[in-house]
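The values are calculated or read from the model by the stated rules, or taken from the named source; none is laboratory data. From a predicted model like this one, the values you see are computed outputs, not experimental measurements. Cβ placement follows ideal geometry from the backbone for every residue including glycine, while neighbour counts extend to all protein chains displayed.
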Amino acid sequence: MQPFFKNRTNSLILFLVIFFLFLNIYNIIYNTPMVPDQHWAQKIFYVHVPSAWVGFLSYFIVMIAGIMFFIKNNNFWDNVGLAAAEIGTIFISLVLITGPIWATPIWGKPWIWEPRLTTTLILFLIYIGYFMMRSFGGHAERVKRYAASLGIIAFLDVPIIFVSVQFWAPEIQSHPQVEMANQPPGILGAFLISLSIFTLLYILMLKYRIYVIQLKNKVIHHV
Amino acid sequence: MLKVSSLSKSFNYRKILDKLNFNLEIGEIGIFMGKNGAGKTTLLRIIAKVMSPDQGEITFNNFNLLKGSSSVRQEILYLGHAPAMYSSLSALENLKFALKIRNSSLSESKIKNELDKFDLIDQIDDPISIFSQGMLQRLKLAYAELSNWSLLLLDEPFSGLDSSGEDKMHEAITNWKRSEKTLCIVLHSKQKAEKYGDKIFYLKEGKITLP
Amino acid sequence: MFFTLFKKELFIEFRTKEVVLSMLIFGLSIILAFAFSSNVSKVIVANYAPGMFWVMILFVTTLGVHRSFSYEKEFDAFSLLVGSPIDRGMIYLAKWLSGSIFLTIMEAIIVIPFFKFLLIELPSNFLLFSMTSILINLAIMSVAILVAGIAMRASLSEVLVPILFFPLVSPVIIAATKITSGILSNDPYQLWQIWLLIVVSVIVIFVLAGYTLFDFITEE
């Protein structure tokens, strides 16, 4: 297998990601407007929401990979599922860290069972179970089937979890982030830039992680 | 015909079956031999679809056993090491249930007759958790006699049997051979293999080799 | 074929009484723990009672469902089912329905000790409480059986089942608490009917998923 970054496309994506990440930080700090009530705390929005988007996208890919694994019976899809689960969990962890950081100066408390954060927390716990199942589920070939099943079930549960949490405590306001359409000017553009950069970063991370898993299987397990 | 093509199975990336191929004609008895851990039980469990292979194809009378509907397994009966019955149920209850899920309901008297033939009539109402290994083997034999099948997968059928049990097993296999039933039997004894087998398959390093 | 499998589940439980008894004893122990840890006013306990009831049900379900699959592993009985010419989704359906019945039987016995030991009034509309509980049991079991099927052959399955089960079943617990709260407070049906929809959605999604995925999960 060729080293990952020897591939021109991969190195180009890496360069672009690094460049745009720095640009993104600069843009967030210097170019975005200051929201009156929230000041600097609001800037986390440009990291928090894209992380959530990427995390949920990743878990969606775990579900698709699970379905494809059953259809094609190809180990590649198990590798995709595992990589997407790992990266998704990293970004979801980021959401669970940045959420309370944002909420503390605004709400005075780091955690108030806000619906979206609660859904994220439940999904995070499901995926901790996923990784435990991968470790203790038995021999690798059997675990792949279980992981695919769990990936499918977990994402199917997401809409129900979200709806139930939303209705659970309607008196709890949503996270201090108004709907996109009502954002002051200057915020939407910067947000979309940040979202694109995070998505690009995710694609690179996913590709690289799949490559590493395949390399590990080849070198250690001769698969 | 039972046709197994390119069958592979790994456990934690260790190849137990490696693109295994063999054929068995209808009415033939195939004996599978090999060292412990060679994959004999794994092979039988894959044919029975209790275990799934990593790749490969298995057809029986041109029906795809691995991808076909569940009804394809009607013709196949698997008797493994373990009794594969419920420990809290009696011999009679287990047989009634096992036959029913194979779409063959027999009368209680017929089942009792068969259990009597295998000297299990006295324990007919006892939970099989108290059965000895020999009694469990005889129970499995009674199950095979009562079921309808075209292909029987037997994993070490003689283990745990006393001489009377061995005689009954010998009689059963001989009768099956005469009725042109197809059997795949895992055996350790070369003598028995030559006695019963039409084809002897020796498993080594995941492949079928000559003994 | 479904009725054969379903009858087998009921018959084995009737013979051994392992699932219902173990859930019942564990449930009673949990009620005791609740009683000892609640040295607060009756009003506060009454507010928390719906949640406490369903948390107790969650814990006993974990135990019961683990036991339901354990006896399949003894003597490798599960390979009798898996190797037979049956649709494996039927195994899931039989376990789901029978498990829901066992849970309902256990709840029917434990509901009175629960309310009486915690010094709470029994629901005035007991019929409505019972009917909604049966629906909730179906939802809880639809998730539990699927998770237990996945964890069945794992080492540490008794640890994996609750870890996987609890987050997945959280919408049902929220809904169950809301429904029971509404019934205990004699709220009009319109106030908590949305939660019934959520329970039914869980049943539909998980039963379909379980029926489809059990074919892949049951093979070694």
Worksheet, complete the sentence: Restricting the stretch B:117-132 to residues that are within 16 Å of B:Lys168 (Cβ to Cβ) and hydrophobic (A, V, I, L, M, F, W, C), the one farthest from the other protein chains (Cβ to nearest Cβ) turns out to be B:Ile121
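Please state which one of C:Ile174, C:Ile205 is surrounded by fewer than 19 Cβ atoms within 10 Å (Cβ to Cβ), among the β-branched types (Val, Ile, Thr), closer than 23 Å to A:Thr118 by Cα and facing chain A (nearest Cβ under 8 Å).
Unique residue meeting the criteria: C:Ile205.
If you scan the stretch A:26-38, which residues turn out to be among the hydroxyl-bearing types (Ser, Thr, Tyr) and part of a helix (DSSP H, G or I)?
Passing the criteria: A:Tyr26, A:Tyr30.
If we keep just the residues of the stretch C:75-85 that are touching a Ser or Thr at 6+ places or on another chain (Cβ under 6 Å) and assigned to a helix (DSSP H, G or I), which is surrounded by the most Cβ atoms within 10 Å (Cβ to Cβ)?
Let us first name the residues in the stretch C:75-85 that are touching a Ser or Thr at 6+ places or on another chain (Cβ under 6 Å), namely C:75, C:82, C:85.
The next check asks that each one be assigned to a helix (DSSP H, G or I); those that pass are C:75, C:82.
Details: C:Phe75: 21, C:Val82: 25.
Here the residue is C:Val82.
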Worksheet entry | Which listed residue, of A:Leu23, A:Leu14, is aliphatic (A, V, I, L, M), in contact with a Leu (Cβ under 8 Å, 6 or more places away or on another chain) and either within 28 Å of C:Gly210 (Cβ to Cβ) or part of a helix (DSSP H, G or I) (or both) | A:Leu14
Fill in: Contacts under 8 angstrom Cβ, first residue in the stretch A:20-34 being touching a residue at least 40 places away in the same chain (Cβ under 8 Å), partner of a type in the set (D, E, K, R), 6 or more apart
A:Ile28/A:Lys43; A:Thr32/A:Lys43
Response to the item:
In the stretch C:137-171, residues that are under 17 Å from the mean Cα position of the chain (by Cα), within 8 Å of chain A (Cβ to nearest Cβ) and either farther than 25 Å from A:Phe136 by Cβ or not hydrophobic (A, V, I, L, M, F, W, C) (or both) total 3
Worksheet entry | Enumerated helices (runs of 4 or more DSSP H) restricted to the stretch A:39-156, each holding at least 1 residues that are within 13 Å of chain C (Cβ to nearest Cβ) and more than 21 Å from the chain's Cα centre (by Cα) | A:45-72, A:115-136
Fill in: Boolean, B:Ala82 is under 18 Å from the mean Cα position of the chain (by Cα), free of Cβ contacts under 8 Å to residues at least 24 places away in the same chain and closer than 30 Å to B:Gly206 by Cβ
yes
Worksheet entry | Close pairs from the stretch B:85-106: first facing chain C (nearest Cβ under 9 Å) and of a type in the set (D, E, K, R), partner buried (at least 22 other Cβ atoms within 10 Å of the Cβ) and not in a strand (DSSP E or B), Cβ under 7 Å, at least 6 apart | B:Arg102/C:Ser84
Worksheet item: Out of B:Glu145, B:Glu194, which single residue is under 15 Å from the mean Cα position of the chain (by Cα) and part of a helix (DSSP H, G or I)?
Response: B:Glu145
Fill in: Only one of C:Ile105, C:Ile120 that is in contact (Cβ under 8 Å) with a residue 24 or more places away in the chain and under 28 Å from B:Ile128 (Cβ atoms)
C:Ile105
Worksheet item: Can you name the residue in the stretch C:86-136 that is aliphatic (A, V, I, L, M) and outside any helix (DSSP H, G or I) and is also nearest to the other protein chains (Cβ to nearest Cβ) among such residues?
Response: C:Ile86
Worksheet item: Can you tell me how many residues in the stretch A:144-172 are surrounded by fewer than 19 Cβ atoms within 10 Å (Cβ to Cβ) and under 23 Å from B:Lys9 (Cα atoms)?
Response: 0
Discussion item. What are the pairs with Cβ atoms under 9 angstrom where one residue, in the stretch B:47-71, is more than 14 Å from B:Val4 (Cα to Cα) and the other, located anywhere, is in a strand (DSSP E or B)? Sequence gap at least six, or different chains.
Written reply: B:Val50/B:Tyr78; B:Met51/B:Lys9; B:Gly68/B:Thr59
Discussion item. Being closer than 24 Å to C:Leu168 by Cα, surrounded by 20 or more Cβ atoms within 10 Å (Cβ to Cβ), in contact (Cβ under 8 Å) with a residue 12 or more places away in the chain and not hydrophobic (A, V, I, L, M, F, W, C): is that true of C:Gly51 here?
Written reply: no
Practice prompt. Please work out if B:Thr182 is among the polar types (S, T, N, Q) and crowded, with 16+ Cβ neighbours inside 10 Å.
Written response: yes
Discussion item. It is to be established whether one or more residues within the stretch C:55-74 are surrounded by fewer than 24 Cβ atoms within 10 Å (Cβ to Cβ), part of a helix (DSSP H, G or I), among the acidic types (Asp, Glu) and in contact (Cβ under 8 Å) with a residue 12 or more places away in the chain.
Written reply: yes
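Among C:Ser100, C:Ser38, C:Ser79, which is polar (S, T, N, Q) and either modelled with pLDDT of 95 or more or in contact with a Lys or Arg (Cβ under 6 Å, 6 or more places away or on another chain) (or both)?
C:Ser100
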Fill in: From C:Ile173, C:Ile194, C:Ile203, residue being touching a residue at least 40 places away in the same chain (Cβ under 8 Å), over 19 Å from A:Phe155 (Cβ atoms), of a type in the set (Val, Ile, Thr) and in a helix (DSSP H, G or I)
C:Ile173
Worksheet item: What number of residues in the stretch B:66-82 are closer than 22 Å to B:Lys15 by Cα and modelled with pLDDT of 90 or more?
Response: 1
Worksheet entry | Number of the condition not met by C:Ile25 [criteria: (1) crowded, with 17+ Cβ neighbours inside 10 Å; (2) modelled with pLDDT of 90 or more; (3) among the β-branched types (Val, Ile, Thr)] | (1)
Worksheet entry | Any chance B:Gly160 is away from chain C (no Cβ under 12 Å), of a type outside the set (Asp, Glu), more than 21 Å from B:Lys181 (Cβ to Cβ) and not in a loop (DSSP other than H, G, I, E, B) | no
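Which residue out of B:Leu17, B:Leu79, B:Leu44, B:Leu7 is within 14 Å of chain C (Cβ to nearest Cβ), over 22 Å from C:Tyr71 (Cα atoms), in contact with a helix residue (DSSP H, G or I) (Cβ under 8 Å, 6 or more places away or on another chain) and not aromatic (Phe, Trp, Tyr)?
B:Leu17
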Worksheet, complete the sentence: In the stretch B:117-137, residues that are among the acidic types (Asp, Glu) and surrounded by 14 or more Cβ atoms within 10 Å (Cβ to Cβ) total 2
Fill in: Residues being at the interface with another protein chain (Cβ under 9 Å from one of its Cβ atoms) and buried (at least 23 other Cβ atoms within 10 Å of the Cβ) - total across the stretch C:179-197
1
Discussion item. Here is a check on your reading of the model: is B:Ser88 out of contact with any Leu (no Cβ under 8 Å at 6 or more places or on another chain) and of a type in the set (Ser, Thr, Tyr)?
Written reply: yes
